[in-house]
């Protein structure tokens, strides 16, 4: 066998192994998103579950710093109430997308710059 054939075979096997593991990772991310959005269903949750989901949302959104005051001053946005208490429980505390994105807004601004 030539070297090119060996490289192609090894590359094909490696691609199959990596794609299988990435499919598992994608499945776990999808399940995590479904679990995270559970408070949006019309099910009454206890307060400790609401606090748990709020912490999960802050981890998921990479909420390092609170960007809401800065965005209010910069874009002259008026604070709004959440859609309902279920949205507030998972950290979606505003009608504005920029508020709900949190620190990700700063990452996008730096990426564009």
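The values are calculated or read from the model by the stated rules, or taken from the named source; none is laboratory data. It should be emphasised that the depicted structure is a prediction, and the values quoted were computed from it without experimental measurement. Cβ: placed from backbone, ideal geometry, glycine included. Neighbour counts: every protein chain shown.
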- prompt: Does the stretch 54-66 include one or more residues that are modelled with pLDDT of 75 or more and either outside the structural domain of residue 105 (by TED's automatic domain parsing) or part of a loop (DSSP other than H, G, I, E, B) (or both)?
  reply: yes
- prompt: So residue 1 fits all but one of (1) at pLDDT below 75; (2) in the same structural domain as residue 91 (by TED's automatic domain parsing); (3) outside any helix (DSSP H, G or I); what number is the exception?
  reply: (2)
- request: Please specify each residue of the stretch 95-107 satisfying the condition of being surrounded by 12 or more Cβ atoms within 10 Å (Cβ to Cβ) and within 16 Å of the chain's Cα centre (by Cα).
  value: 98, 99, 100, 101, 102, 103, 104, 105, 106, 107
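Residues are listed down the side, and each one gets a yes or a no for (1) closer than 23 Å to residue 33 by Cβ; (2) touching a helix residue (DSSP H, G or I) at 6+ places or on another chain (Cβ under 9 Å); (3) surrounded by 15 or more Cβ atoms within 10 Å (Cβ to Cβ); (4) in contact (Cβ under 8 Å) with a residue 40 or more places away in the chain:
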position	(1), (2), (3), (4)
57	yes, yes, yes, no
64	yes, yes, no, no
69	no, no, no, no
73	no, no, no, no
76	no, no, no, no
79	no, yes, no, no
85	yes, yes, no, no
88	yes, yes, yes, no
93	yes, yes, yes, no
